[in-house]
Each structure stands twice: as C-alpha cells, then as structure tokens.
1. Mind checking which residues of region 117-163 are within 18 Å of Phe99 (Cβ to Cβ), of a type in the set (Lys, Arg) and modelled with pLDDT of 85 or more?
2. Might you check whether a residue that is surrounded by 10 or more Cβ atoms within 10 Å (Cβ to Cβ), at pLDDT below 80 and not assigned by TED's automatic domain parsing to the domain that holds Lys133 occurs anywhere in region 58-65?
3. Within region 104-120, can one find any residue that is under 33 Å from the mean Cα position of the chain (by Cα), hydroxyl-bearing (Ser, Thr, Tyr) and surrounded by 11 or more Cβ atoms within 10 Å (Cβ to Cβ)?
4. Identify, by number, the condition in (1) loosely packed, with under 12 Cβ neighbours inside 10 Å; (2) out of contact with any Gly (no Cβ under 6 Å at 6 or more places or on another chain) that Ala124 doesn't meet.
5. Can you say whether Met90 is more than 30 Å from the chain's Cα centre (by Cα), at pLDDT 85 or above and in the same structural domain as Val165 (by TED's automatic domain parsing), as far as the supplied structure shows?
Amino acid sequence: MKKYANYIIVFLLIVSGYFIYNSFHLIKEVKILRKELKETNEGYDNNIQYAITLEDSITRFKAKIDSMLSADRFSIGGNLKSQAYLNQTMNIQKDWQDFLKNKLLQTNQKQKGDNPLVPFAGMAGVMRFDDAKVLNHRWMIAHFTDGTYQGEAIIRYDIDNKGRVRFKVLDQTLYK
C-alpha cells in the first residue's frame with residue numbers, strides 16, 4: 001500500500017507540476033493578449049477619432065462648397081440657364097465671363113480719353129473700366145477708375161448674330 005501511495009504522490013506532483021507550468025504559460029499569454037488588445041483598442045480609438053475628424057472636415061467642405069455655389073448664383077458661371085441661352089443663341093460654346101469682360105475692356109482702347117461708357121469724367125486721370133463680372137445673359141457689373149476715383153456701373157449687353165457686343169449703362173455710382 002505504501003508503494004501505491006508513493007506512486008500516487010509522485011503522480012500528483014507530476015500532474016501538479018504540469019498544471020503549474022501550463023498556468024504560468026497561460027498567464028504569460030493572457031498578459032500578452034491583454035497588451036495586444038489594449039494596443040488594438042487604442043489603434044481602434046485613434047481610427048474612430050480620425051474618422052470623426054474626417055467626417056467633420058467633409059461636412060465643413062460641403063458647407064463651404066454650398067456657400068460658394070450660392071454666392072456664385074449671381075454670376076454667369078453659376079447660372080446654367082444663362083449659359084445655355086447664350087450657347088444656343090450664338091451656336092458656340094464660350095467662356096462667356098472672359099469673352100464679355102474682354103469685350104468691355106477693349107472699349108477702353110478704342111478711345112484716347114475717357115471711356116464713353118463710363119458715365120463720369122476722369123478727375124485725376126483717364127476714366128476707364130478695369131474689371132467686370134457678368135451676372136447673366138443680359139447684365140454685367142463693371143468697376144471703373146481714373147486711378148484715384150472709382151465707381152461701378154450696371155451694364156446691359158446685347159450680342160448680335162455676328163457676335164458683336166453692344167453695351168448700355170443702366171445705372172452707376174461713384175465713390176468719394
């Protein structure tokens with residue numbers, strides 16, 4: 001019997017040693033897995049924060065685009081109906097903003113003195129147009145200056161079948 005008791009004690013020691021050895025390895029693996037999980041969660045949290053930041057940026061960007069589009073509503077570039085009207089009437093595709101602005105600025109070169117379309121005589125020099133924005137298929141707003149004094153004019157334009165442009169000043173203002 002004593003012999004069997006020794007065998008049982010040795011067997012229990014071997015089995016206990018096996019369980020203790022495996023327990024230490026399991027504890028070590030659990031610590032490693034917890035560390036990896038923590039790093040993964042931190043990475044996941046960082047990715048979530050990054051995604052939220054991207055969503056906020058996209059929302060702000062969309063709002064800025066909408067704002068720019070609504071601000072461009074009173075411009076030939078933002079008015080597709082006016083562009084379509086001019087393209088159909090003239091049977092040509094053009095950048096109407098540049099085309100009409102250049103036509104207006106060319107009226108400066110046809111005169112030696114003040115531009116006759118500018119409704120004020122130059123006081124500090126020759127009064128000429130220096131910039132314009134086409135609003136739609138009929139109107140534009142133009143800035144004029146003599147170098148010191150400046151103003152703006154609302155201009156109606158008409159394009160004939162041959163592509164010639166006629167301008168008529170509808171209203172104007174001079175800044176003091």
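The values are calculated or read from the model by the stated rules, or taken from the named source; none is laboratory data. If you're wondering where the values come from, they're calculated on a predicted model, not measured in any experiment. Positions of Cβ are generated from backbone atoms using ideal geometry, with glycine treated the same way; all protein chains shown enter the neighbour counts.
1. Lys133, Arg138, Arg156
2. At the first step, the residues of region 58-65 found to be surrounded by 10 or more Cβ atoms within 10 Å (Cβ to Cβ) are 58-65.
Pick out the ones that are also at pLDDT below 80 and you get 65.
If we keep only those that are not assigned by TED's automatic domain parsing to the domain that holds Lys133 as well, we get 65.
The answer is yes; a qualifying residue exists.
3. No.
4. (2)
5. Working: more than 30 Å from the chain's Cα centre (by Cα): yes; at pLDDT 85 or above: no; in the same structural domain as Val165 (by TED's automatic domain parsing): yes.
Criteria not met by Met90.
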